[in-house]
Amino acid sequence: MSKGNIGVTSDNIFPVIKKFLYSDHEIFLRELISNAVDATQKLKTLSSVGEVKGDLGDLRVRVSINKAKKTLTVSDHGIGMTAEEVDKYINQIAFSGAEEFVNKYKDRTEAIIGHFGLGFYSAFMVSKKVEIFSLSYQEDAKAVHWSCEGDPEYTMEETIKAERGTDIVLHIDDEFSQYLEDATIEGLLKKYCKFLPVEIAFGKKKEWKDGKEVELDEENIINDINPAWTRKPADLKDEDYDKFYHELYPMQMDEPLFHIHLNVDYPFNLTGILYFPKIKSNLDVHRNKIQLYCNQVYVTDEVENIVPEYLTLLHGVIDSPDIPLNVSRSYLQSDNNVKKISGYITKKVADKLAEMFKNDRENFVSKWDDIKMFIQFGMLTDEKFYEKAKDFALLKNLNGDYFTLKEYKDKVRENQVDKDGNMVILYTQDADANYTYIERAKAKGYDVLLMNGELDVHTMSQAEQRSMTETDGHADQKLRFVRVDSDTIENLIKKEETAKDNYSDEQKEGLRKAFEGMLPSSEDKLRYFVTCEPAASDALPVFLTQNEFMRRMKEMAAHQQGMSFYGQMPDQYNLVINTAHPLIQELVSKMTSEEVQEEVEKKAEKEGEAPTKETVIKTVYKLTDEDEKLHQLIDIALLASGQLKGEALAKFVNRSVELLTQPYIPA
Ligand code: ADP
């Protein structure tokens, strides 16, 4: 038996291991199993080059728990270690850089977490004692037993071991007794080892029989040693990809929309499969994440800096030995390989989408509503992706037809260019709510898009901005998106011959004041700004519009930090009095009628003052008793925009009934 001190220069590495790796101590299992798998793979390599002769026999890695002895054992039949090798690889741990690493990062826990290579010593995170029993594959090798109790002292002696390979025995600390529970270990194995290239067995398979769980003879194999991403795309059918998707996310019921198989070996090595999932709600978005593997060993599902942000919403796996795992996140961003990987993924995804669009547009269109969020997010955040995606990103109109922006511009070019040469694109976010406005637009032969997606407002702003500079060979390249209810349709797409009304400013001011006076509260007066517009004789006599710019700013503020100024503004609307409407014209003619004028003069005489606008208006309403009608008109405007609710709605209904029940008096 030999005794010695583990070859680290710092006094004691163990407290550091325990303390700084505490939050992620479960990775010990991944590390030990990775070593077992490596040892097995090395043996296979040696055998393939003829350095190991004969049948390699059973190569399964086994994990077992002994509750009585409070041990957890990982056994392999790999190359094993001689005493010299244990001394070199285990005792001189500086070889694998652990000490240096821990010293360097001991103030930065997050950098230590997820690090590969601390390896074997991570066993001490959860054990009070660790033993190694190993028999090397080499001829005449003697088995070795190494033991260490979590301090720099170890013992090493010759032992007897019948089978080639290594058993690592952990005497689990009382504090970590959860690692002696089958369920915990099985959970960890499923998390970290599900796709390792060597079979990992844990206990026996179980089956439900007559309402009881019974153990079968067969071993319980945790992993799929040939996961889909390691196979050739040519060997896989769509069903295989779908099957793998469910292996990856057992709780996910939906099928993915489609997949992209990644495979590159130069200038970096990367394989993987990305899936476009069906996203039903925002809640789903971050439930299943892309998993990062390193040679089939699970590393993390936090891929933020490796995959472009908009693609982190995808599902699937990425496997690359070229992603540095032992560095902090901020470093990752500046790493050249990582940048290249991110660029490669962007290109692959864009190419796949472009190919689908080109070869099977119908299929692409059928998926558009589900994938649109990814694509818009990508176009908004990644210039390279934008460049490719602009040719397959789609717009959908109210007929359910889909167009690329270029196609859509060609469609509306004839009819929807205003007198200043801007192309005006009309949209709605809710076809029911905007019904009356949409009808007016359609009556003019205009097309209306449905823009009810979460990122549509941003996408429209982007298209507008880009249209300022991106020449497309047409004079009307500049785009303006306007919601159908943001102004009168005549103003939204202003043509050369804009209608004018024949009223004086005085008359219009009179009308404005009259309607304003009918708004119930002072709060309403802030909310609704009364204006006069000669819209059209067949439009509503009074209606609401909402300024496109202000509304859009508010909507964008809802998604973005630093725009809270807009977010806090109250919703404001224009209450438009349509001076082209016969009802309004009638009102104006009453204001200027002789009858009214006389009445006004009489009043002025009595009060000894010149008549003011207000007196004129007041007189009009007294004479004609039109108050009710004005109220009714305003309520109709609110109703048409879905803003008449509660008490105001009830009052409107009652007033309508009253108006209908007034006795008919023949002239
Ligand atoms: P790393 O795996 O990063 O090199 P480790 O501390 O985990 O660091 O292991 C150090 C070395 O010990 C390994 O490189 C390997 O040579 C040897 N080793 C560890 N576990 C085993 C095993 N189960 N079978 C054979 N060799 C092993």
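The values are calculated or read from the model by the stated rules, or taken from the named source; none is laboratory data. Source: prediction; values computed, not measured. As a convention, Cβ positions derive from the backbone with ideal geometry for all residues, glycine included, and neighbour counts pool all protein chains shown. Just the protein is used for accessible areas: all its heavy atoms, side chains included, with ligands, DNA and RNA removed. Shrake-Rupley method; radii C 1.70, N 1.55, O 1.52, S 1.80 Å.
What pairs come out if I take residues in segment 64-88 that are under 19 Å from residue 154 (Cβ atoms) and pair them with residues that are near the ligand (Cβ under 8 Å from one of its atoms) whose C-beta lies under 6 Å away, six or more apart or interchain?
74/32; 74/36; 74/168; 80/134; 80/165; 80/166; 81/134
Could you tell me which residue of segment 45-70 is farthest from the chain's Cα centre (by Cα), considering only residues that are within 16 Å of the ligand (Cβ to nearest atom) and closer than 21 Å to residue 30 by Cβ?
Step by step, filter segment 45-70, then rank; the result is 59.
So, of the residues in segment 71-85 that are more than 7 Å from the ligand (Cβ to nearest atom) and in contact with an Asp or Glu (Cβ under 8 Å, 6 or more places away or on another chain), which turns out to be least open to solvent (accessible area, probe 1.4 Å)? Give the derivation first.
Restricting attention to segment 71-85, the residues satisfying the condition of being more than 7 Å from the ligand (Cβ to nearest atom) are 71-75, 77, 82-84.
Imposing the further condition that a residue be in contact with an Asp or Glu (Cβ under 8 Å, 6 or more places away or on another chain) reduces the set to 73-75, 77, 83.
On the way: 73: 22, 74: 4, 75: 29, 77: 28, 83: 39 Å².
So the residue we want is 74.
State the number of residues belonging to segment 200-237 that are under 30 Å from the mean Cα position of the chain (by Cα) and exposed (fewer than 11 other Cβ atoms within 10 Å of the Cβ).
Residues in segment 200-237 being under 30 Å from the mean Cα position of the chain (by Cα) and exposed (fewer than 11 other Cβ atoms within 10 Å of the Cβ): 2 in total.
Considering only segment 327-438, give the helices (runs of 4 or more DSSP H) lying wholly within it that have at least 2 residues that are at pLDDT 90 or above, open to solvent by less than 10 Å² (accessible area, probe 1.4 Å) and closer than 23 Å to residue 466 by Cα.
On the way: elements: 329-334, 336-359, 361-381, 383-389, 405-412.
Those helices (runs of 4 or more DSSP H) span 336-359, 361-381, 383-389, 405-412.
Does residue 544 meet the test of being at pLDDT 85 or above, within 26 Å of residue 439 (Cα to Cα) and in contact with a helix residue (DSSP H, G or I) (Cβ under 7 Å, 6 or more places away or on another chain)? Break it down into steps so the answer makes sense when it comes.
Working: at pLDDT 85 or above: yes; within 26 Å of residue 439 (Cα to Cα): yes; in contact with a helix residue (DSSP H, G or I) (Cβ under 7 Å, 6 or more places away or on another chain): yes.
It is true that residue 544 is at pLDDT 85 or above, within 26 Å of residue 439 (Cα to Cα) and in contact with a helix residue (DSSP H, G or I) (Cβ under 7 Å, 6 or more places away or on another chain).
Which residue, of 143, 111, 123, is within 16 Å of the ligand (Cβ to nearest atom) and modelled with pLDDT under 95?
Values: 143 fails: modelled with pLDDT under 95; 111 fails: within 16 Å of the ligand (Cβ to nearest atom).
Sole residue among the options that is within 16 Å of the ligand (Cβ to nearest atom) and modelled with pLDDT under 95: 123.
Among the residues of segment 26-37, is any crowded, with 18+ Cβ neighbours inside 10 Å, near the ligand (Cβ under 9 Å from one of its atoms), at pLDDT 70 or above and not in a helix (DSSP H, G or I)?
No, segment 26-37 has no match at all.
With in contact with a Pro (Cβ under 9 Å, 6 or more places away or on another chain) and not basic (Lys, Arg) as the only criterion, which of 490, 509, 516 stands out? Walk me through it before giving the result.
Numbers: 509 fails: in contact with a Pro (Cβ under 9 Å, 6 or more places away or on another chain); 516 fails: in contact with a Pro (Cβ under 9 Å, 6 or more places away or on another chain).
Residue meeting the stated conditions: 490.
Can you tell me how many residues in segment 503-539 are aromatic (Phe, Trp, Tyr) and open to solvent by 80 Å² or more (accessible area, probe 1.4 Å)?
Within segment 503-539, the first condition is being aromatic (Phe, Trp, Tyr), and the residues that meet it are 503, 515, 528-529.
If we keep only those that are open to solvent by 80 Å² or more (accessible area, probe 1.4 Å) too, we end up with 529.
Final tally of qualifying residues: 1.
Filter segment 38-62 down to the residues that are basic (Lys, Arg) and in a helix (DSSP H, G or I), then identify the one that is least open to solvent (accessible area, probe 1.4 Å). Before the answer, list the steps.
Looking only at segment 38-62, we keep the residues that are basic (Lys, Arg), and these are 42, 44, 53, 60, 62.
Among the residues that remain, those that are also in a helix (DSSP H, G or I) are: 42, 44.
On the way: 42: 113, 44: 81 Å².
The extreme case among them is 44.
For residue 88, state whether it is within 12 Å of the ligand (Cβ to nearest atom), modelled with pLDDT under 90, open to solvent by 40 Å² or more (accessible area, probe 1.4 Å) and among the charged types (D, E, K, R).
Numbers: within 12 Å of the ligand (Cβ to nearest atom): yes; modelled with pLDDT under 90: yes; open to solvent by 40 Å² or more (accessible area, probe 1.4 Å): yes; among the charged types (D, E, K, R): yes.
Spelling it out, residue 88 is indeed within 12 Å of the ligand (Cβ to nearest atom), modelled with pLDDT under 90, open to solvent by 40 Å² or more (accessible area, probe 1.4 Å) and among the charged types (D, E, K, R).
Quick check on segment 157-173: of everything there that is away from the ligand (no atom under 14 Å from the Cβ) and in a strand (DSSP E or B), which residue is most open to solvent (accessible area, probe 1.4 Å)?
To start, the set of residues in segment 157-173 that are away from the ligand (no atom under 14 Å from the Cβ) comprises 157-160, 162, 171-173.
With in a strand (DSSP E or B) added as a condition, the list becomes 157-159, 171-172.
Details: 157: 66, 158: 129, 159: 40, 171: 41, 172: 2 Å².
Here the answer is 158.
Could you check segment 174-189 and list, in sequence order, the residues that are surrounded by 15 or more Cβ atoms within 10 Å (Cβ to Cβ) and in contact (Cβ under 8 Å) with a residue 24 or more places away in the chain? Lay out the reasoning, then the answer.
First, pick out the residues of segment 174-189 that are surrounded by 15 or more Cβ atoms within 10 Å (Cβ to Cβ): 176, 179-180, 184-186, 188-189.
Those that are surrounded by 15 or more Cβ atoms within 10 Å (Cβ to Cβ) and in contact (Cβ under 8 Å) with a residue 24 or more places away in the chain: 176, 179, 180, 185, 186, 188, 189.
Would you be able to tell me the number of residues in segment 573-586 that are open to solvent by 10 Å² or more (accessible area, probe 1.4 Å) and of a type outside the set (Phe, Trp, Tyr)? I'd like the intermediate steps shown before the answer.
Keep residues of segment 573-586 that are open to solvent by 10 Å² or more (accessible area, probe 1.4 Å), which gives 573-574, 580-583, 585-586.
If we keep only those that are of a type outside the set (Phe, Trp, Tyr) as well, we get 574, 580-583, 585-586.
Total satisfying the criteria: 7.
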